[in-house]
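These notes are about the structure you will find just below.
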Amino acid sequence: MPRTNLSMSMSADGYVAGPDQSEEHPLGVGGQLLHGWHIGPASDHPVNKQVVSEMMDGMGATIMGRNMFGPVRGDWGGSDWTGWWGDEPPYHCPVFVLTHHAHEPIALEGTTFHFVTDGIESAYEQAVAVADGRPISIAGGASCARQAIQAGLVDEIDLQVSPVILGSGERLFDGFDAGTPQLELERVLEAPGVAHLRYRVKR
């Protein structure tokens, strides 16, 4: 099976998004502070460039939650929302979006978003079918990531930890029993203002 990577930016107090996500605050209030390592001047640091490359390049498919795709909630109705990323999203592979509400695929430059209504396992099966042996990315948000971990689909977890305290929001590891998942630290990289941690998920 292809390697499945989960990569998320995290605050020092364990949050991957701030509270009150909206179109104005897609990462929740304060959540954008977690992404300074790859947005803005810090993105030119060699370590940060390496991590972005590992996170994005060569992926065969990506899985994300509906909250990460956009701010629209409930039935899609007549929404013409096509994602946060404009006409050319950065994924350049098929993206499978978990949702409770059906939606026709959205084809953009280099990326087609497919909407999956029957759960993370179905999204993963569809991702494997198109990945052609290449790695699969679990892009977030927190709920999608937790579902993938709970289903035993994740091989490695990359965390980009910033010295930011959000105080509330969405935690990656909420709801797990003590000791689950079992993680083994594989790598630590450092750039100004961020520690890049890679864990292997022990089976």
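Tabulated results
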{"read-out": "Positions within the range 181-203 being modelled with pLDDT of 95 or more, open to solvent by 70 Å² or more (accessible area, probe 1.4 Å) and more than 26 Å from Gly40 (Cβ to Cβ), in sequence order", "value": "Gln182, Glu184, Leu185, Glu186, Arg200, Lys202"}
{"read-out": "Of residues in the range 33-61 being small (Gly, Ala, Ser) and part of a loop (DSSP other than H, G, I, E, B), the one least open to solvent (accessible area, probe 1.4 Å)", "value": "Gly60"}
{"read-out": "Checking Gly140 against (1) within 23 Å of Met1 (Cβ to Cβ); (2) modelled with pLDDT of 95 or more, the condition it does not meet", "value": "(2)"}
{"read-out": "Residue within the range 71-85 that is without any contact (Cβ under 8 Å) to a residue 60 or more places away in the chain, of a type outside the set (Val, Ile, Thr), in contact with a Lys or Arg (Cβ under 9 Å, 6 or more places away or on another chain) and open to solvent by less than 40 Å² (accessible area, probe 1.4 Å) present", "value": "no"}
{"read-out": "Those residues of the range 1-32 which are hydrophobic (A, V, I, L, M, F, W, C), closer than 23 Å to Arg203 by Cα and buried (at least 19 other Cβ atoms within 10 Å of the Cβ), in sequence order", "value": "Leu6, Met8"}
{"read-out": "Selected residue [assigned to a loop (DSSP other than H, G, I, E, B), of a type outside the set (Val, Ile, Thr), in contact with an Asp or Glu (Cβ under 7 Å, 6 or more places away or on another chain) and closer than 18 Å to Ala142 by Cα] from Pro19, Pro71", "value": "Pro71"}
{"read-out": "Counted residues, the range 169-203 - those being under 19 Å from the mean Cα position of the chain (by Cα) and not charged (D, E, K, R)", "value": "13"}
{"read-out": "Met64, sole failed condition from (1) in a loop (DSSP other than H, G, I, E, B); (2) at pLDDT 95 or above", "value": "(1)"}
{"read-out": "Looking only at the range 95-116, and only at residues there that are in contact with a Ser or Thr (Cβ under 6 Å, 6 or more places away or on another chain) and open to solvent by 40 Å² or more (accessible area, probe 1.4 Å), the one that is farthest from Gln21 (Cα to Cα)", "value": "Pro105"}
{"read-out": "Flag for Tyr91 being open to solvent by less than 50 Å² (accessible area, probe 1.4 Å), modelled with pLDDT of 95 or more and assigned to a loop (DSSP other than H, G, I, E, B)", "value": "yes"}
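The values are calculated or read from the model by the stated rules, or taken from the named source; none is laboratory data. These figures come from a predicted structure and were not determined experimentally. All Cβ positions, glycine included, derive from the backbone under ideal geometry; neighbour counts span all protein chains shown. These area figures cover heavy atoms from the full protein model, side chains too; ligands, DNA and RNA do not enter into them. Shrake-Rupley method; radii C 1.70, N 1.55, O 1.52, S 1.80 Å.
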